[in-house]
1. Run Thr268 past the list (1) of a type in the set (Ser, Thr, Tyr); (2) surrounded by 14 or more Cβ atoms within 10 Å (Cβ to Cβ); (3) under 23 Å from Tyr26 (Cβ atoms); (4) out of contact with any Asp or Glu (no Cβ under 8 Å at 6 or more places or on another chain) and report the number of the one that doesn't hold.
2. Mind listing whichever residues of segment 74-98 are crowded, with 22+ Cβ neighbours inside 10 Å and in contact with an Asp or Glu (Cβ under 6 Å, 6 or more places away or on another chain)?
3. Where in segment 263-344 are the helices (runs of 4 or more DSSP H), entirely inside, with at least 2 residues that are within 26 Å of Ser235 (Cα to Cα)?
4. Which of the residues belonging to segment 44-57 are in contact with a Ser or Thr (Cβ under 8 Å, 6 or more places away or on another chain) and at pLDDT 85 or above?
5. Condition (residue is under 19 Å from the mean Cα position of the chain (by Cα), surrounded by 17 or more Cβ atoms within 10 Å (Cβ to Cβ) and of a type in the set (A, V, I, L, M)) applied to segment 17-28: is it met by at least one residue?
6. Looking only at segment 52-88, filter to residues that are of a type outside the set (Lys, Arg) and in contact with a Pro (Cβ under 8 Å, 6 or more places away or on another chain); which one of those is nearest to Pro297 (Cα to Cα)?
7. In segment 219-245, what residues are among the hydrophobic types (A, V, I, L, M, F, W, C) and more than 20 Å from Pro271 (Cα to Cα)?
8. Show me the strands (runs of 3 or more DSSP E) found entirely inside segment 38-152 where at least 3 residues are touching a residue at least 40 places away in the same chain (Cβ under 8 Å) and of a type in the set (A, V, I, L, M, F, W, C).
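The values are calculated or read from the model by the stated rules, or taken from the named source; none is laboratory data. Small disclaimer: the values here were computed from a predicted structure and weren't measured. Cβ coordinates were reconstructed from backbone atoms using ideal geometry, including for glycine residues, and neighbour counts include every protein chain displayed. Side chains included, ligands, DNA and RNA excluded: accessible areas come from the protein's heavy atoms. Shrake-Rupley method; radii C 1.70, N 1.55, O 1.52, S 1.80 Å.
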Amino acid sequence: MGTYIPHREGIVQTIVLESLTRYQAYANPPQVTIDRLEQFAGCADWSKGVARIRCEDCGHSYFRPFSCKVFHLCPSCDQKRTLLYAEYLADDLLLDLPHRQFVFTIPKILRPYFKTDKRLFGEVSRLIFSLLSEFFSLAAGQELLCACVVSYQSFGEFARFHPHWHVLVLEGGFTRYDRFVYLPIGADEGLLKVWQAAMLSLFLREELIDQARVNMLKDWKHSGFSIESETRLFSKADREALGQYVVRGATCAERIQYDQDSDTVIWTASPKGFYKGKSETFKGFEFVDQLAAHLPPRRVQLVRRYGVYAGKVRKQWQERPGIYRLAPEGWQKGHPSQSQIVQAKPPEALCVKEAVQVPDGWSKLRKQSWARLLQKVYEVDPFVCPKCHGTMSVVAIIEDPKELAKIINWAKQQNREPPVTVCARSPPVRALVSV
């Protein structure tokens with residue numbers, strides 16, 4: 001297993017730091033956008049606070065700076081969120097049944113409306129679930145309770161503004177008696193026509209376009225509307241892998257190069273994708289402007305759950321054996337069935353109705369340590385001492401500016417001279433905290 005190296009300034013962060021002033025003059029963004037960019041610029045900034053992690057055996061220690069938690073912008077923080085949410089989908093949410101991915105796209109002429117109204121995507125997410133529910137119910141010849149997770153992504157390659165919806169759909173649905181009806185079908189020409197008509201009706205209803213524009217779009221030979229539904233998911237590994245893809249961030253630091261002297265950003269596409277390794281060049285402020293376009297409003301969730309996966313229905317899973325037996329194993333461990341709950345109660349308690357309160361799986365995962373994710377992705381353990389392979393732990397959180405200045409000066413000294421191991425000593429008096 002490799003040695004953990006604390007997070008340092010990344011290439012996207014460098015571009016933002018160098019180009020923020022020019023971006024403000026170029027785009028005149030709202031203050032909330034500037035605040036989030038500045039918060040991201042301070043990611044892993046030692047002057048804003050560090051955690052000291054020390055070996056319990058030999059006393060070796062290192063410092064880990066705080067992360068910014070600016071999701072949808074910071075590649076490092078986005079990676080943690082992506083991994084956790086994919087685990088949540090595979091371990092705690094998606095039923096142990098076949099799923100299919102649907103990808104809904106719209107013509108270029110309608111895309112700018114989602115840049116000016118960053119909440120409009122939610123209306124479309126609900127619309128997609130409604131269309132799919134009708135699609136599967138019609139195929140079954142009866143009304144079904146369907147299930148899907150809709151993830152809105154506003155970006156394509158090169159961080160271009162390209163709103164589209166990734167939808168993880170249960171292949172089928174449940175009858176009123178919770179009997180599952182399996183329907184391994186994908187999108188057809190009829191569903192595509194319904195998707196186009198529903199979107200044009202939505203835009204007309206919201207008074208974003210007029211009837212003349214609707215008629216023009218209907219007359220186009222190639223409408224720009226599309227639905228892709230070839231990808232199917234059968235295993236837990238499939239669900240987790242696709243989960244990572246549909247909730248990923250807009251940037252990929254490995255594909256980006258930056259020349260500070262000329263203020264030039266070069267983004268090289270994946271050789272396996274549609275663009276076959278093509279490169280595009282931006283000025284730093286233009287690149288920042290493209291990234292800022294993908295920042296959602298605060299506390300707005302881009303991933304929505306519907307049908308069987310909606311929070312209201314999930315609370316009933318324990319009371320519905322037809323669904324409970326198909327629930328993922330990770331969820332079942334924390335949610336005993338109603339029969340198990342009754343058997344576990346003493347006879348005198350059976351007459352008392354008592355709600356079983358179990359923390360939501362996504363909430364529990366978010367609190368798990370970053371150490372486990374580092375082991376999973378990079379095969380390094382930040383709590384294994386690189387000197388003696390003993391166990392390390394967090395012994396202090398340091399936020400005092402004077403102490404931080406001393407630590408920063410010490411760290412600079414280590415870069416100029418051969419590494420010096422910090423001497424073993426008792427931890428600070430301040431209460432120990434976990435990171």
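1. Single failed check for Thr268: (3).
2. The answer is Ala90, and nothing else.
3. Values: elements: 284-292, 311-314, 321-324, 329-334, 338-344.
In segment 263-344, 311-314, 321-324, 329-334 are the helices (runs of 4 or more DSSP H) which contain 2 or more residues that are within 26 Å of Ser235 (Cα to Cα).
4. First pass over segment 44-57, keeping only residues in contact with a Ser or Thr (Cβ under 8 Å, 6 or more places away or on another chain): 44, 52-57.
If the condition is that a residue be in contact with a Ser or Thr (Cβ under 8 Å, 6 or more places away or on another chain) and at pLDDT 85 or above, then Arg52, Ile53, Arg54, Cys55, Glu56, Asp57 are the ones that fit.
5. Taking segment 17-28 as the starting set, the residues that turn out to be under 19 Å from the mean Cα position of the chain (by Cα) are none.
No, segment 17-28 contains no residue that is under 19 Å from the mean Cα position of the chain (by Cα), surrounded by 17 or more Cβ atoms within 10 Å (Cβ to Cβ) and of a type in the set (A, V, I, L, M).
6. Of the residues in segment 52-88, the ones of a type outside the set (Lys, Arg) are 53, 55-63, 65-68, 70-79, 82-88.
Still in the running and in contact with a Pro (Cβ under 8 Å, 6 or more places away or on another chain): 53, 60, 62-63, 65, 72.
Numbers: Ile53: 35, His60: 43, Tyr62: 36, Phe63: 33, Pro65: 26, His72: 11 Å.
Checking each candidate, the answer is His72.
7. First, the residues of segment 219-245 that are among the hydrophobic types (A, V, I, L, M, F, W, C): 220, 225, 227, 233-234, 237, 241-242.
Trp220, Phe225, Ile227, Leu233, Phe234, Ala237, listed by residue number.
8. Values: elements: 50-55, 61-65, 99-105.
It comes to 50-55, 99-105.
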